[in-house]
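Worksheet: one structure, shown below.
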Amino acid sequence: MLQRLARLSWRRSAAAAPLAEALRCASSGSVDITVPLNFWAGKRRRGPEKCNTEDVYEPATGRILCHLEPCGPVEVDQAVKAAKSAFGHWSKMSGMERARTMIEAAHIIESRREEIAEMEVVNNGKSITEARLDVDSARLCIEYYAGLASTLAGQHVQLPGGSFAYTRREPLGVCVGIGAWNYPFQIAAWKSAPALACGNSMVFKPSPVTPVTAVMLAEIYAKAGAPEGLFNVVQGGQETGSLLCHHPDVAKLSFTGSVPTGQKIMEMASKGVKPVTLELGGKSPLLIFQDSDLENAVRGALMANFLSQGQVCSNGTRVFVQRDILPEFVEEVVKRTQAIEIGDPLLESTRMGALVSRSHLDKVLSFVDQAKKEGATVMCGGEPFVPSDPKLRGGYYMTPCVLSNCTDEMTCVKEEIFGPVMSVLSFETEEEVLQRANDTTLGLAAGVFTRDVRRAHRVVEHLKAGSCFINNYNITPVEVPFGGFKMSGIGRENGQVTIEYYTQLKTVFVEMGDVDSLF
Ligand SMILES: NC(=O)c1ccc[n+]([C@@H]2O[C@H](COP(=O)([O-])OP(=O)(O)OC[C@H]3O[C@@H](n4cnc5c(N)ncnc54)[C@H](O)[C@@H]3O)[C@@H](O)[C@H]2O)c1
Ligand SMILES: C[N+](C)(C)CCCC=O
């Protein structure tokens, strides 16, 4: 199935790139990608002729998957020019017309769901079950903003003497999207869908670690009838990213990634006074009160920590459990964590695949070592994992880890680990846990489990976080805004409010009488 779908899809691009034969896809360990991964003005394109290519790995096996050709100033400029030209046309279309193209793109994503999900797995290492949900979220986001495209409207304001003013919600122009590696296809869709719905065009730069699927989205928009240059992909790392941020024809920057990079993006944006959306890291608290439904609290804690091998910005990695239920909670969480099936991410039975890279795996494991040194107890996991299948032996696997006896000063409790490591802390009172939960510079998400409805709302009112969950965790319906407080970010993705981040308001005064001049 995988082989058939991958061949078909890459053959479709063969007219533009006779390199499609190079892709032989069957299962983990058998994919080679040699088709170009840059895309602008309607076509896949190679990077600069003389560039230092970078190896891209398949996390499940540790094999080289493809070679990244980072774009330089010439290519970035070509992509931005293409986007600028598409903007001229796209921004003049009605919302209904734009919606038609976007809905068609959503249909194509639906029909290619399996193939996109498989490519995401091959490049990112997450389980196929999760990758399918990510593709669904991307599609739903495009459908949702297609629905909003025709609703963009201004206000009419009556003024004295029959004069009036009205406001127009106008697109910004060429928007730049820069993505992280943990949700490559979904991030590309979460950024492009609202941008395009509002009449903007986009140049998107995926993480150099996961370059493969954003370009599939570019092909899909093109196939759906988008004007050439509407959604472009340039590959590369920080140099390419910074060329994009500084480009004078770029009107807006939307970034998903770490706090230190977000700070640099904001600095670069300040040079051109460009608006920014920043979706940054987190170290989110999950509060479990003793009156919780324990089964749901345990499920919530697992969802808050182990999706995508723990590489999720919103993860609730500081799990505060009220003292009376701590032993029972830890026992159950550990039992379920030990039962998580780790292995080939393309197998249906796998629940945890490989971390994204060797260096990231080493970093996560070093956090576990540090936690031990600082006095935390490893209740389970935290070790490298070597699957029995020989082809997976070079992959980047580890056993999911639960740490107990954690205290607020420990590194594992203070820093974003971005791996499958849950830190469990105990607390006595609501007041105490709120103070400790908020004692961080970050504020992406937070959760509370309790059966007491009044406490639930009282607690979320005091939690300083952009996304709060009551009796659930890590669900992100696209109709609902997502984003952080404090150093976790600026602006929101998803929901109606995001329209405001991809448009600007023009006010028009209309005089119906004579000019009342003071001179
Ligand atoms: N809040 C959210 O929605 C969200 C979602 C996913 C990931 N994240 C965060 O992302 C981080 C992990 O992702 P990462 O390691 O890819 O982050 P990162 O900051 O290292 O890189 C993110 C992107 O920025 C680019 N980049 C790096 N330096 C740049 C520069 N100077 N100028 C322009 N672009 C530059 C990278 O090439 C990449 O595409 C975690 O901190 C995680 O919490 C946040
Ligand atoms: C879909 N999730 C799991 C909530 C992830 C949102 C994006 C953050 O990394």
(request) Hey, could you check the range 261-295 for residues that are open to solvent by 40 Å² or more (accessible area, probe 1.4 Å) and polar (S, T, N, Q) and say which is farthest from residue 321 (Cα to Cα)? (result) 270
(message) Quick check on the range 296-316. Is at least one of its residues assigned by the TED database to the domain that holds residue 71, buried (at least 18 other Cβ atoms within 10 Å of the Cβ), within 16 Å of ligand 2 (Cβ to nearest atom) and not polar (S, T, N, Q)?
(response) no
(request) For residues that are within 23 Å of residue 170 (Cα to Cα) and surrounded by fewer than 18 Cβ atoms within 10 Å (Cβ to Cβ), tally how many sit in the range 233-245. (result) 0
(message) I'd like the full set of residues that are open to solvent by less than 10 Å² (accessible area, probe 1.4 Å) and closer than 14 Å to residue 145 by Cα, limited to the range 96-125.
(response) 102, 105, 106
(request) Would you mind stating whether residue 81 is of a type in the set (Lys, Arg) and surrounded by fewer than 24 Cβ atoms within 10 Å (Cβ to Cβ)? (result) yes
(message) Anything in the range 208-232 that is surrounded by fewer than 24 Cβ atoms within 10 Å (Cβ to Cβ) and within 10 Å of ligand 1 (Cβ to nearest atom)? List them, or say none.
(response) 208, 209
(message) Condition first: within 16 Å of ligand 1 (Cβ to nearest atom), in a loop (DSSP other than H, G, I, E, B) and under 17 Å from residue 480 (Cβ atoms). Can you find one or more residues in the range 176-193 that meet it?
(response) yes
(request) Sort out which residues of the range 453-482 are out of contact with any helix residue (DSSP H, G or I) (no Cβ under 9 Å at 6 or more places or on another chain) and either touching a residue at least 24 places away in the same chain (Cβ under 8 Å) or in a loop (DSSP other than H, G, I, E, B) (or both), and write them in order of number. (result) 466, 467, 480
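So, in the range 246-276, of the ones that are in a helix (DSSP H, G or I), within 12 Å of ligand 1 (Cβ to nearest atom) and more than 19 Å from the chain's Cα centre (by Cα), which residue ends up farthest from residue 172 (Cα to Cα)?
Here is the first cut: in the range 246-276, the residues in a helix (DSSP H, G or I) are 246, 259-271.
Still in the list and also within 12 Å of ligand 1 (Cβ to nearest atom): 246, 259-269.
Checking which are more than 19 Å from the chain's Cα centre (by Cα) leaves us with 246, 267-269.
Numbers: 246: 16, 267: 20, 268: 18, 269: 14 Å.
Within the range 246-276, the match that is farthest from residue 172 (Cα to Cα) is 267.
I need the full set of residues from the range 346-371 which are within 21 Å of residue 180 (Cβ to Cβ) and assigned to a loop (DSSP other than H, G, I, E, B), in order please. Steps first, answer last, please.
Step one: of the range 346-371, the residues within 21 Å of residue 180 (Cβ to Cβ) are 352-367.
Matches in the range 346-371: 353, 354, 355, 356, 357.
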(message) Tell me whether the range 508-518 contains one or more residues that are open to solvent by 20 Å² or more (accessible area, probe 1.4 Å), within 16 Å of ligand 2 (Cβ to nearest atom) and either under 20 Å from residue 442 (Cβ atoms) or not charged (D, E, K, R) (or both).
(response) no
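Touching a Pro at 6+ places or on another chain (Cβ under 7 Å) and either open to solvent by less than 40 Å² (accessible area, probe 1.4 Å) or within 14 Å of ligand 2 (Cβ to nearest atom) (or both): which single residue out of 329, 320 fits that description? Don't jump to the end; show me each part of the working.
Details: 329 fails: touching a Pro at 6+ places or on another chain (Cβ under 7 Å).
After applying the criteria, what remains is 320.
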(message) Taking the condition of being among the β-branched types (Val, Ile, Thr) and either farther than 30 Å from residue 288 by Cβ or more than 18 Å from the chain's Cα centre (by Cα) (or both), how many residues in the range 465-489 meet it?
(response) 1
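The values are calculated or read from the model by the stated rules, or taken from the named source; none is laboratory data. The shown structure was predicted, so the numbers you read here are calculated from the model rather than taken from an experiment. Cβ coordinates were reconstructed from backbone atoms using ideal geometry, including for glycine residues, and neighbour counts include every protein chain displayed. Note: areas computed on protein heavy atoms with side chains; ligands, DNA, RNA excluded. Shrake-Rupley method; radii C 1.70, N 1.55, O 1.52, S 1.80 Å.
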